[in-house]
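One structure below.
Read-outs throughout are calculated quantities, based only on the coordinates presented, and are distinct from any laboratory measurement. Fair warning: this is a prediction, and the values are worked out from it, not measured in the lab. With ideal geometry, Cβ positions are generated from the backbone for all residues, glycine too; neighbour counts draw on all protein chains shown.
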Amino acid sequence: MKYFIFVYCEGTESKYAVVSKENDRIKIIHTFAVTLSASTIAKKDLNKGEINFDSLESDGLNLDRIEGSDISLNVEQETDLVMISKGLARVKLTKATFIPIISDPTINYHVFEGNSELDKNKLLDIIIQDLYKSKNISVSKDRIDFVTLNDKSNLAIFAEGSIPCADLVNSLAALEAKRYYKIATIKSAEVSLSNYVSHTLKFFPEDYSLIIHIGKEASKLIFLEGQSLKHIGTTLDIGTKNLHTYDVYFSKILLEMENGGIPRLDNVILCGDDRSENIVLSFYGTFPEANVIELKFDGFDLSEISTEDKETISSFSIPIASAFEYFAELKKEFFGINILPTEIKENQKFLQFGWHSYLMLVLFFFAAFGITVLELSNVSEMNKLDLEIQRLSDMKKRNEEILSQMTPLQDKISNFDNTQTILDSAAAGTEIWGNSLQKVADFIERRRDFWISHLDSKDNSNLILKGYALSRRSLTEFARYSNTSILNNVTYEPLREKSAFSFNMNLQLNINKAE
């Protein structure tokens, strides 16, 4: 849930309204008030003081060193901020949005009666110039805003110097060791209250109405004509703490009516810390024709706050009215006063720069750009090299596969010479054998009475022949015919009643001749 904290500072009192927006309705989550010490009130700039945390450590409060901030606080200021922090304990302040609300004497007024049909920025420039010419006051554009009055003139509201309510928020951030809490805008108490009344109550166009907000130490007089703002009276330094008689109100009211050109009062709207029957009767006695009413907040969701807080809800009229105005502005229904000094904007930036820092930022940008380009170039080159390495690795793998296939071929090639020698030797031996056997076959073909029954190799150059012949003459002729034959023995051995001779013969192969 998104929380918005509206902070109203007036005199010694600061009032807080924690709200949220749910289902297009504003919900009041919590309201509380803290009376500030004299030390806090005296210092418009809370950034100066002395650090003393000893009195708080006894309460179990751990105040670490404030990081990113040079704000230092004395004991009284610390006590005030601790009370505020306790009131906001249910809210995560780093996620919340603060809206300070300021009033007299922090803001000043200037009525400008010039052309109101110009663009707002142009009209602001003209109002700033008129303010300087008429009152010799120089104000920056971030510290001034305006609203249009019922007579079409413009009421400019501007802040000079420090804004204590915003400083209070920054000091609260420092207490929690934060550099800042988010401040969305700074509202005007009188304008916010007048906007709330004019948009929630209906008056006749000719009616003159007085909104009187009675605080503990000060009271505000705001005059309407019809539904439009007519006049903002001077803040009265009287309230519930120092009020002795209501007659002082009426004398001040009559004086402001004269200053604002207000002839009568038709309506009186009471809000703030005093809405008693006595003041109602006093108004009826002084302005018998006026309709005296108490300001209500029926349009808000009050289910989250206690019954006791509901009874005192009017004391927080200004923070609640500012919440109504803020959310109406988001919806662009109407616009009030919005002031946010440049120093607050700068303080809330994640990175804070001076002019030289912006120059360094440009240099950093170009340096980062160059480094990025170089890095991208290197990455691109690395990607190319990775692809090349992958390609070469694949090639190496394929080459290793080819080499593994070549190894058996190399072995075969290396054995080729031996194989060729063996083949040559075998071929030569085959030729010798062939020639010798061819001779034997030719002889046997011519002589039909001679045949071989057994052939055996004695060694590489000799054959052993065994067989039969029908005549001894054939054996002699065969020995002569081969020239290398040696007839070992001849035995008479009849075959089927025929004369026959068995023989055993050595046949020498002529190797030299074959070679």
Whole-Hz couplings from phi, Karplus 6.51/-1.76/1.60, listed for the stretch 338-347; x for Gly and Pro: 9, 10, 8, x, 4, 5, 6, 4, 5, 5
Amide H partners (placed H, <5 Å) of Ile183, local residues excluded: Phe98
Integer Hz, Karplus 6.51/-1.76/1.60 couplings in order for the stretch 485-492, x for Gly and Pro: 8, 10, 7, 7, 7, 10, 10, 6
Sequence-distant residues sharing a close amide H with Gly114 (under 5 Å, placed H): Asn154
Theoretical FRET efficiency, 1/(1+(r/R0)^6), r = Cβ-Cβ of Asn399 and Ala368, R0 60 Å, to 0.05: 0.85
Distance histogram in 10 Å bins (all Cα pairs of the chain, percent per bin): 3, 13, 17, 14, 8, 4, 3, 3, 3, 2, 2, 3, 4, 5, 6, 5, 3, 1, 0
Under 5 Å, built H, 5+ apart or other chain: amide partners of Glu13: Leu36
Karplus (6.51, -1.76, 1.60) ³J(HN,Hα), θ = phi - 60°, over the stretch 462-470, in Hz, Gly and Pro reported as x: 9, 10, 9, 10, 10, x, 9, 9, 8
Label-point separation in nm, Lys202 to Leu254, each point 7 Å along Cα→Cβ: 3.5 nm
Estimated inter-spin distance, Val111 and Gln410, nm [label 7 Å along Cα→Cβ]: 11.2 nm
On Cα atoms only, tilt of 355-414 relative to the major axis of the chain in degrees: 20 degrees
Nearest-ten-degree value, helix 120-135 long axis tilted from longest Cα axis of the chain: 40 degrees
Sequence-distant lysines (8 or more away, or on other chains) whose Cα lies within less than 21 Å of Lys216: Lys15, Lys43, Lys44, Lys187, Lys241, Lys252, Lys296, Lys310
The chain, helix-only ellipticity at 222 nm - DSSP H runs n ≥ 4, -39,500 (n - 2.57), divided by all residues, nearest 500: -13500 deg cm²/dmol
Thr97 paired with Asn435, simple spin-label distance in nm, labels 7 Å along Cα-to-beta-carbon: 12.2 nm
Span from the the stretch 159-174 Cα centroid across to the the stretch 234-254 one, whole angstrom: 29 Å
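Indicate, rounded to the nearest 5 percent, the antiparallel portion of the DSSP beta bridges found entirely in the chain.
On the way: 65 of 84 bridges.
Bridges in the chain that DSSP calls antiparallel: roughly 75 percent.
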On Cα atoms only, tilt of 416-446 relative to the major axis of the chain in degrees: 30 degrees
Residue among Thr94, Ser303, Pro494 farthest towards the positive dipole end of the chain, charges placed on Cβ: Pro494
Of Lys92/Lys152; Lys27/Lys86; Lys133/Lys331, those spanning more than 31 Å from alpha-carbon to alpha-carbon: Lys92/Lys152; Lys133/Lys331
Around Asn278: net Lys/Arg minus Asp/Glu count, Cβ-Cβ under 14 Å: -4
Cysteines without a disulfide-compatible neighbour (Cβ-Cβ under 4.7 Å), the chain: Cys271
Cβ crowding within 10 Å averaged over residues, with 77-87, 99-109, 280-290 ranked highest first: 99-109, 77-87, 280-290
